[in-house]
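The values are calculated or read from the model by the stated rules, or taken from the named source; none is laboratory data. If you're wondering where the values come from, they're calculated on a predicted model, not measured in any experiment. We place every Cβ from the backbone using ideal geometry, glycine too, and count neighbours over all the protein chains shown.
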């Protein structure tokens with residue numbers, strides 16, 4: 001399949017060697033940055049000069065601990081320094097000045113400035129997201145002694161080059177899917193997120209792993225995953241995509257998650273595609289009742305209200321926790337949510353999570369599962385999934401194809417349709433009309449899997465709250481009559 005992958009995706013394919021090489025592990029770079037480097041430094045055979053790449057990383061991708069030294073070079077030595085970093089823009093309404101912050105290094109907008117001529121050159125890239133990755137050249141504008149009051153010194157942006165030096169063509173990506181069988185496409189997706197398809201024992205293991213990607217391509221998709229240790233939850237949610245946020249343990253507040261009243265800044269949900277609370281059993285909340293109320297409102301509608309501030313966001317919420325073999329639920333009769341933090345011990349909140357991922361169906365990470373070969377660039381792939389989030393055509397297709405029985409529960413129906421839509425985007429992005437996918441594939445890979453994910457949530461609700469006991473999810477089916485009518 002390598003030849004086919006190279007033929008259709010061309011320079012969006014890179015050689016990843018995670019099984020035999022520890023080079024990038026030693027550099028501690030996330031997948032999207034690693035593949036950006038591979039695309040830049042690899043030759044046509046997948047080889048690169050270790051020393052050249054190491055020197056580039058040392059010079060251009062600093063650690064947080066390097067920032068004081070970098071700032072000294074800029075301010076005291078009057079050097080211009082180029083670094084690869086994440087930048088956030090602020091426009092002052094009163095003065096008209098544009099400034100920036102570097103959130104990973106603690107540099108605030110009060111200390112910076114973007115002069116007008118630089119802004120005109122780079123503004124289209126700089127305003128393309130709340131936070132934008134790119135190659136920054138930084139310099140210093142010293143204080144002006146002649147002005148009264150004295151103009152303070154500022155770190156200035158000299159130039160900016162977008163991290164993604166290419167445009168995303170969704171139509172091209174969708175069209176390429178037609179060149180691959182479903183089995184091949186599943187393997188393409190696994191390679192894109194650094195996994196070796198040949199390391200899995202079954203299609204079910206592969207598809208369960210790919211289920212973790214659903215919030216990457218569907219807005220406000222809320223999932224719960226419980227899995228044994230070592231199945232790669234933290235890696236996939238925290239190291240593969242630059243559009244998500246992983247929080248592992250610690251303290252979480254409403255201000256950090258939604259809106260900080262004192263700073264007048266929106267929280268994590270406003271700047272990311274998904275928020276993953278990893279090791280959720282170890283996370284504590286500053287105010288359980290406050291957080292629970294905020295979560296219920298947000299998970300239901302995407303709206304959050306803090307004080308007099310009302311905001312909207314589209315980030316999905318993912319709860320990830322470890323689970324022991326003794327608690328793994330194979331038949332739906334074990335209360336698996338008893339280990340979740342107390343904030344989630346309420347049925348009305350749990351009901352707002354759309355589906356459950358059975359992480360025990362994903363094998364523990366081993367060398368056979370690490371990619372070693374040509375695969376789709378992770379940075380490119382995750383950018384595609386990010387763009388697919390805004391494509392409403394797939395939901396329209398799902399609405400046409402799914403038969404909803406009378407008196408079906410609205411939350412169950414919405415949850416199943418939302419997960420089905422995400423599966424359609426992920427596995428069959430080439431589908432433009434309902435007739436582009438067979439009823440068998442639609443049921444097998446999308447609708448039936450979505451229903452099972454929702455059924456687990458429903459069963460757990462019944463164990464948590466007597467009000468939900470004995471209530472099954474609605475029996476949603478693919479509308480075979482639609483296909484019959486289209487064939488006439």
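Give the residues of region 40-90 that are in contact with a helix residue (DSSP H, G or I) (Cβ under 7 Å, 6 or more places away or on another chain) and in a helix (DSSP H, G or I), sorted by residue number.
41, 50, 52, 53, 57
Which residues, taken from region 391-406, are within 22 Å of residue 480 (Cβ to Cβ) and outside any helix (DSSP H, G or I)?
Within region 391-406, 402, 403, 404, 405, 406 meet the criteria.
Out of all the residues in region 254-300, which are out of contact with any strand residue (DSSP E or B) (no Cβ under 7 Å at 6 or more places or on another chain), farther than 15 Å from residue 345 by Cβ and free of Cβ contacts under 8 Å to residues at least 60 places away in the same chain?
Pass one, region 254-300, residues out of contact with any strand residue (DSSP E or B) (no Cβ under 7 Å at 6 or more places or on another chain): 255-257, 260, 262-265, 271, 287-290, 292-293, 295-296, 300.
Cutting the leftovers down to farther than 15 Å from residue 345 by Cβ gives us 255-257, 260, 262-265, 271, 287, 290, 300.
Those that are out of contact with any strand residue (DSSP E or B) (no Cβ under 7 Å at 6 or more places or on another chain), farther than 15 Å from residue 345 by Cβ and free of Cβ contacts under 8 Å to residues at least 60 places away in the same chain: 255, 256, 257, 260, 262, 263, 264, 265, 287, 290, 300.
Going residue by residue through region 244-256, is there one that turns out to be under 18 Å from residue 301 (Cα atoms) and outside any strand (DSSP E or B)?
Step one: list which residues in region 244-256 are under 18 Å from residue 301 (Cα atoms), which gives 254.
Now drop any that are not outside any strand (DSSP E or B), which leaves 254.
Yes; the residues of region 244-256 include at least one that is under 18 Å from residue 301 (Cα atoms) and outside any strand (DSSP E or B).
Given the conditions (1) under 30 Å from residue 55 (Cβ atoms); (2) in contact (Cβ under 8 Å) with a residue 24 or more places away in the chain, and given that residue 130 satisfies all but one, which numbered condition is not satisfied?
Only one criterion is unmet by residue 130, namely (1).
Output the residues belonging to region 190-199 that are surrounded by fewer than 22 Cβ atoms within 10 Å (Cβ to Cβ) and within 23 Å of the chain's Cα centre (by Cα). Outline the logic, then answer.
Here is the first cut: in region 190-199, the residues surrounded by fewer than 22 Cβ atoms within 10 Å (Cβ to Cβ) are 194, 196-199.
Of everything in region 190-199, those that are surrounded by fewer than 22 Cβ atoms within 10 Å (Cβ to Cβ) and within 23 Å of the chain's Cα centre (by Cα) turn out to be 194, 196, 197.
Please verify whether residue 303 is without any contact (Cβ under 8 Å) to a residue 60 or more places away in the chain and within 20 Å of the chain's Cα centre (by Cα), treating the condition exactly as stated. Before you say what the answer is, go through the steps one by one.
Values: without any contact (Cβ under 8 Å) to a residue 60 or more places away in the chain: yes; within 20 Å of the chain's Cα centre (by Cα): yes.
Judged against the criteria, residue 303 is a match.
Residue 420 - would you say it is buried (at least 16 other Cβ atoms within 10 Å of the Cβ), out of contact with any helix residue (DSSP H, G or I) (no Cβ under 8 Å at 6 or more places or on another chain) and at pLDDT 95 or above? Lay out the reasoning, then the answer.
On the way: buried (at least 16 other Cβ atoms within 10 Å of the Cβ): yes; out of contact with any helix residue (DSSP H, G or I) (no Cβ under 8 Å at 6 or more places or on another chain): no; at pLDDT 95 or above: yes.
So residue 420 fails the test.
I need the full set of residues from region 360-371 which are surrounded by fewer than 24 Cβ atoms within 10 Å (Cβ to Cβ) and touching a strand residue (DSSP E or B) at 6+ places or on another chain (Cβ under 8 Å), in order please.
Looking only at region 360-371, we keep the residues that are surrounded by fewer than 24 Cβ atoms within 10 Å (Cβ to Cβ), and these are 360-361, 363-371.
Answer for region 360-371, where residues must be surrounded by fewer than 24 Cβ atoms within 10 Å (Cβ to Cβ) and touching a strand residue (DSSP E or B) at 6+ places or on another chain (Cβ under 8 Å): 360, 369, 370, 371.
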